[in-house]
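Engineer: I have a structure here, written as structure tokens, and I will follow up with some questions on it.
The values are calculated or read from the model by the stated rules, or taken from the named source; none is laboratory data. In this text the structure is predicted, and so the values were computed from the model without any measurement. Note that we place each Cβ from the backbone using ideal geometry, even for glycine, and neighbour counts take in every protein chain shown. For accessibility, only protein heavy atoms count, side chains too; no ligands or nucleic acids. Shrake-Rupley method; radii C 1.70, N 1.55, O 1.52, S 1.80 Å.
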Amino acid sequence: YLYVVDNEDLKVFDITQTNQPTLVNEQQVGFGIETLFRHRDHLFIGSESGMFIYDISNKSNPEFVSDYQHLESCDPVVANDSLAFVTLRSGRQCRFRNEINVLDVLDISDIDNPQLVYSYSLNNPHGLGLMGSTLFVCDGEFGLSIFDVSNSSNISLVNTIPNINVHDVIVINNRILLIGPENLYQYDVFNPLAPSLLSTLDILNF
């Protein structure tokens, strides 16, 4: 199954026949839906107004579990077994203009009742990615922030990569791909707390 979100809805496609995807389920989630992250049997959906959690034990029929509401803002989300991480940012790409730029850490050990643990102030956080106990947060023109999240009650900023403008990150095995308005960066993260630059691609002149 393939899970897709648009501005308001969650759609489920049966992709057993890869050349003929079939829409098998569609349900409204909210408004301003931006991101979708799957962890085990749950979907974490980020929107301009909050995070929504859906159970996909029944793969073709996601069921709403709970949500976490916050100030209306841009909102990517990732999660592990015990925590969800949500970035809230200001900026003209967002529907709302709240001047808030934080990383919210949520306790999801009780999946039915997400609770805010604390907020970590950043400059202009965008997309984020998890690799084990390491959290990568793209901080726009301020670079990449790297957090150790092994202690769920006290995550810590352990490194930053300045002088790059990045908006999103994809974790692939021992690499991360960082994309910004001008460049695509590839880093080796065999040591995830100290990434090593492998390549840079100028996408403006590609």
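Engineer: Which whole-Hz couplings ³J(HN,Hα) result when phi for each residue of the stretch 14-31 is put into the Karplus expression 6.51 cos²θ - 1.76 cosθ + 1.60, θ = phi - 60°, listed in order with x for Gly and Pro?
Structural biologist: Once θ is set to phi - 60°, the couplings for the stretch 14-31 become 7, 10, 4, 9, 4, 8, 9, x, 10, 6, 10, 7, 8, 8, 6, 9, x, 10 Hz.
Engineer: Please report, in debye to the nearest 20, how large the charge dipole of the chain is about its Cα centre when each Lys and Arg carries +1 at its beta carbon and each Asp and Glu carries -1 there.
Structural biologist: 420
Engineer: Quick check: from the Cα gyration tensor, does the stretch 79-170 come out rounded (a/c under 1.5), prolate or oblate?
Structural biologist: Oblate shape, in that a/c is at least 1.5 and b/c is the bigger or equal ratio.
Engineer: Next question, about the same structure. Rank V77, I146, T200 by how far each Cα sits towards the positive end of the charge dipole of the stretch 74-206 (+1 on Lys, Arg Cβ; -1 on Asp, Glu Cβ) and give me just the farthest.
Structural biologist: T200
Engineer: While we're here: Select from I161, I15, I176 the residue whose mean-square fluctuation is largest in a Gaussian network model of the chain (Cα-Cα springs shorter than 10 Å).
Structural biologist: Of I161, I15, I176, the Gaussian network model singles out I15 as fluctuating most.
Engineer: For the chain, what Kirkwood radius comes out of the mean inverse Cα-Cα distance, in Å?
Structural biologist: 17.7
Engineer: Skip the ligands, DNA and RNA, and give the accessible area per residue of the chain with a 1.4 Å probe, whole Å².
Structural biologist: Averaged over the residues of the chain, the accessible area is 50 Å².
Engineer: So, with a 1.4 angstrom probe, what is the percent of accessible area on the stretch 115-167 that is carbon and sulfur?
Structural biologist: 41
Engineer: Would you mind pulling out the separation of the Cα centroids of the stretch 39-90 and the stretch 170-206, in Å?
Structural biologist: Each part reduced to its Cα centre gives a spacing of 26 Å.
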